[in-house]
Amino acid sequence: MLAYSSRQRVASVTLALLRRTLVSMAQNPLDNVADVAIDTGRFKYVLIRVHDKQTDDKKEIVRGSASASYHADVYEAVRGELEKAGRLETECLGGGRIIHEPQKHHIEVFGHSEGYGRADHKRTCEILRQRFKDYDITWKNDGY
């Protein structure tokens, strides 16, 4: 009878660990971070790498705001929100400008950030295309 109880405890502990692991995997905070959050019109944007310090997973996200005077305004708002829990860290990979015309299903990515440098506009467009599948999305390095 003792051997059965011991096996039962081991199975119970194993099951509990498995449940915790699955819950932890399902609650990866990167899954809750939207790939894209942009306004309409013409505005500054930043390309940000988000890193989960526990799992070492990473993803790149695009953020842009028509109300931001500086690229740093966009980045610092996102950074503050994502890093406050302590598990995620962010890095600004650069910035530029976006013209987003929903009525035309068109997005143009261009320019650079004085403070963060030019983002990889090609990568930015790849991320935008995942969100705006039926849009014409273009980029160029010139312009400010």
If a residue must be buried (at least 17 other Cβ atoms within 10 Å of the Cβ) and among the polar types (S, T, N, Q), how many such residues does region 105-144 contain? 2
Residues in region 115-144 that are of a type in the set (A, V, I, L, M) and part of a loop (DSSP other than H, G, I, E, B): how many? 1
Can you run down the residue pairs with Cβ atoms below 9 Å, 6 or more apart or on separate chains, where the first is in region 91-114 and assigned to a loop (DSSP other than H, G, I, E, B) and the partner is among the basic types (Lys, Arg)? GLY111/LYS44; GLY111/ARG97; GLY111/ARG118; GLY111/LYS140; HIS112/ARG97; HIS112/ARG118
Qualifying position, being farther than 17 Å from GLY143 by Cα and at pLDDT 95 or above, among ALA85, ALA72: ALA72
Residue tally, condition more than 17 Å from GLU114 (Cβ to Cβ) and more than 11 Å from the chain's Cα centre (by Cα), over region 53-88: 15
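The values are calculated or read from the model by the stated rules, or taken from the named source; none is laboratory data. Only a predicted model underlies this, so the values are computations on that prediction, with no experimental measurement involved. Using ideal geometry, Cβ is built from the backbone for each residue, glycine included, and neighbour counts are taken over all protein chains shown.
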